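Working notes, beginning with the structure itself.
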Amino acid sequence: MPLYSATPETSALVLEPLPVATASEAVADETRVGLTSTPKTLSPWLFYDEAGSQLFEQITALPEYYLTRTERAIFTAHADEIVRVAAGEPRQTLTLIEPGAGSAAKTRIMLEAAVRLQGSVVYQPVDVSATALESARKNILGRVPGVSVRCQVADYTREPLPENRLPNTRTLALYIGSSIGNFTPNEALALLQNLRAQLLPGDQFLLGADLVKDVTAMLAAYNDAAGVTAAFNRNVLERLNRELDADFDLSAFRHKAIWNARESRIEMHLESLCAQRVHVPANSAGDAMILTFARGETIHTENSYKFTPEAVESLLSDTGFRATHTWNDDAKLFAVTLASAV
Ligand code: AVI
């Protein structure tokens, strides 16, 4: 998953490299910056340690979490058409690149369609996590004949995509799962500008985005009855206890998901149920810290932006793309948009 800058509301259009050398230093650094800010924040990349990644997998199968199954259904219904349109007329050979590929579960549908169209396809998943890439490779290789997988470990939010373009091919870059929604508008612009800079005019970009809808349905997706999202959110504090030896009392924080209509986003918070102090011992990022929480004070842990069709189009046109086709489910919960690099 993406590494974010520490400030969720940054107005910088440039994504700064993280000033840290190792994963544990990144956690220490993020904690120090986020929990000494007002209001307190923690970046969403902290969710995705091993336990958090497993919880996220469970979230994607929850009845309330419509995003994953809806996007998958759009792919299942339209993958052949999507790759045909992306390949253009006269038809060009597509290479698929996927920044932030994760385990590539949904990508399989697109790869199968590309193999049906052109006999074989090269797939280049890019991710910061070598473990995620390994599961992407396993998910695809041997299961989808005709696909050759070329993994690349890179932080696509800050580094260029792999520079190993095959001659006479057209790139189809995928950014699916509404991952774009976890970036602020300025971060999303910077991210897509960076992707666009790695593409040639005529290359194709497929963006999956969750759409604005009935508030009750959006809130339920982030506040499921089984409490999996609550566990996913609270796992961030468990992670700080595990990795930084902090002493967060998990039962003293509650998961809270709210709809911020002005910003068009679901926000996830951890709300302190009482006035309390939390101790974080000295670590590579600095001295010991005593954090004080007032009753009702929250740590803002994630934004999940929801888009109107117009917002998707303008994000694309502001970053050097022209949206050419959009596929939706019947209820218009989710949009998959194909755009041409201009
Ligand atoms: C990864 N991302 C698109 C998810 C989302 O819906 O924003 C992360 C998530 N957070 C809570 N549930 C799922």
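The values are calculated or read from the model by the stated rules, or taken from the named source; none is laboratory data. These numbers come from a predicted model, not from an experiment. Because the Cβ atoms are built from the backbone with ideal geometry, glycine has one as well, and the counts that use them run over all protein chains shown. What goes into the accessible areas is simple: the full protein's heavy atoms, side chains included, and nothing from ligands, DNA or RNA. Shrake-Rupley method; radii C 1.70, N 1.55, O 1.52, S 1.80 Å.
The table that follows gives values for the structure above.
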| quantity | calculated |
| --- | --- |
| Subset of the stretch 308-320 [outside any helix (DSSP H, G or I) and open to solvent by 30 Å² or more (accessible area, probe 1.4 Å)] | Thr308, Asp318 |
| Candidate set from the stretch 60-116 (those that are hydrophobic (A, V, I, L, M, F, W, C), modelled with pLDDT of 95 or more and open to solvent by 40 Å² or more (accessible area, probe 1.4 Å)); member that is farthest from the chain's Cα centre (by Cα) | Val85 |
| Selection count, the stretch 22-43, where residues are out of contact with any Ser or Thr (no Cβ under 6 Å at 6 or more places or on another chain) and either of a type in the set (D, E, K, R) or open to solvent by less than 20 Å² (accessible area, probe 1.4 Å) (or both) | 9 |
| Any hit, the stretch 289-302, residues being within 16 Å of the ligand (Cβ to nearest atom) and open to solvent by 20 Å² or more (accessible area, probe 1.4 Å) | yes |
| Selected residue (criterion: farthest from the ligand (Cβ to nearest atom)) from residues of the stretch 223-245 that are open to solvent by 10 Å² or more (accessible area, probe 1.4 Å) and touching a helix residue (DSSP H, G or I) at 6+ places or on another chain (Cβ under 7 Å) | Leu244 |
| Residue count, the stretch 249-269 (criterion: under 19 Å from the mean Cα position of the chain (by Cα) and among the acidic types (Asp, Glu)) | 2 |
| Candidate set: the stretch 12-51, residues that are part of a helix (DSSP H, G or I) and more than 25 Å from Phe293 (Cα to Cα); chosen: the one modelled with the lowest pLDDT | Ala23 |
